[in-house]
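Reading through the structure tokens given below for one structure.
The values are calculated or read from the model by the stated rules, or taken from the named source; none is laboratory data. Note that the coordinates shown come from a computational prediction; the quantities given were computed from them, not determined experimentally. Cβ placement follows ideal geometry from the backbone for every residue including glycine, while neighbour counts extend to all protein chains displayed.
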Amino acid sequence: MRRTLIAGNWKMNLNRAQAIELARSIAGGLRENSSVEVAVFPPAVYLDAVIAAHPGLTVGAQNVSENGDGAFTGEISCAMLRDLGAVAVILGHSERRTLMGESSQQVNRKTIAALNAGLTPIVCVGELLEQRQAGLTDEVVLEQCRTSLAGLATEQMERTVIAYEPVWAIGTGHVATPAQAEQVHAAIRQWLAGAFSPSTAARIRILYGGSVKPDNAAELLSQENIDGALVGGASLKADSFLGIVRAAEPQAVA
């Protein structure tokens, strides 16, 4: 069964003290034996501080290099993340695709590197507003899935999380309706069933991201194929992030 995952992407926000305090507040607000898995993704420079201060909290990185050690100035390798204690990494976020020019081919190389290093990749896909308006949502999203996840063995795919984030809903205050989000999630799961197998598709978690807040989380998470949320702005305040976690608990399958 798929365990609900609520992941907080802190993006390029906070200072060291604020990151530690936010992690402390989130860790302190989690219920024991919750059916919901919770993870936070601080800026890379604060990963060690957050992990050291709160060793029981699941912590990941927002990006990683596709390369190993070597002459790659400014990059961070999967081995370095593992050395710090990170267990997961967000890959292919729309901000990296659109602002930094990352291609699905590059996301694929990073995904394979992360899996080979024992990290859980959260691979993001999503369409632009003009693509949705042109009726191209499924075509764009499934092509991103095909290319970003190319060459993965079944065992690797089952260790991978997918996050559907419509670009037009990220940080805009707009959110896909539960029906819109569910339609894309169902299309992704159908693609997984064909590319791998129905049993594999049934085990893979697909998160929704895009202006998720405590007041809309429950309805989104009640959809059959939505297995959690990748939360941006609302993850920067413990109360709002924990509110999303609370909303997820009645929907969660342990």
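Per-structure values
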| quantity | calculated |
| --- | --- |
| Scan of region 14-35 for residues that are touching a strand residue (DSSP E or B) at 6+ places or on another chain (Cβ under 7 Å) and modelled with pLDDT of 95 or more, ordered by number | Ala23, Ile26 |
| Qualifying positions in region 233-248 - within 17 Å of Thr172 (Cβ to Cβ) and surrounded by 23 or more Cβ atoms within 10 Å (Cβ to Cβ) | Ser235 |
| Residues of region 22-36 satisfying the condition of being outside any loop (DSSP other than H, G, I, E, B) and buried (at least 19 other Cβ atoms within 10 Å of the Cβ) | Leu22, Ala23, Ile26 |
| Hits in region 69-124 (condition: farther than 23 Å from Gly151 by Cα and in contact with a Lys or Arg (Cβ under 6 Å, 6 or more places away or on another chain)) | none |
| Hey, Val175 within 18 Å of the chain's Cα centre (by Cα) and in a loop (DSSP other than H, G, I, E, B) or not | yes |
| Residue list for region 192-203, restricted to those being surrounded by fewer than 18 Cβ atoms within 10 Å (Cβ to Cβ) and either part of a helix (DSSP H, G or I) or in contact with a Phe, Trp or Tyr (Cβ under 8 Å, 6 or more places away or on another chain) (or both) | Ala193, Gly194, Ala195, Pro198, Ser199, Thr200, Ala202, Arg203 |
| Test: residue in region 158-166 that is part of a helix (DSSP H, G or I), surrounded by 15 or more Cβ atoms within 10 Å (Cβ to Cβ) and within 15 Å of the chain's Cα centre (by Cα) | no |
| Filter result (more than 19 Å from Asp227 (Cα to Cα) and either of a type in the set (Val, Ile, Thr) or touching a His at 6+ places or on another chain (Cβ under 7 Å) (or both)) within region 4-47 | Ile20, Ala23, Arg24, Ile26, Ala27, Val45 |
| Residue within region 55-62 that is farther than 18 Å from Ile122 by Cβ and outside any helix (DSSP H, G or I) present | yes |
| Flag if Gly151 is touching a residue at least 40 places away in the same chain (Cβ under 8 Å), surrounded by fewer than 18 Cβ atoms within 10 Å (Cβ to Cβ), within 16 Å of the chain's Cα centre (by Cα) and on the phi > 0 side of the Ramachandran plot | no |
| Among residues of region 204-248, those that are within 14 Å of the chain's Cα centre (by Cα), of a type in the set (D, E, K, R) and part of a helix (DSSP H, G or I), counted | 0 |
| Members of region 193-212 found to be over 27 Å from Ala234 (Cα atoms), among the polar types (S, T, N, Q) and touching a residue at least 40 places away in the same chain (Cβ under 8 Å), listed by number | Ser197, Thr200 |
| Number of the exception - Met1 against (1) under 30 Å from Asn225 (Cβ atoms); (2) part of a helix (DSSP H, G or I) | (2) |
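Matching residues to (1) crowded, with 19+ Cβ neighbours inside 10 Å; (2) modelled with pLDDT of 95 or more; (3) assigned to a loop (DSSP other than H, G, I, E, B):
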position	(1), (2), (3)
Tyr46	yes, yes, no
Val50	yes, yes, no
Ala71	no, yes, yes
Leu81	yes, yes, no
Gly118	no, yes, yes
Glu127	yes, yes, yes
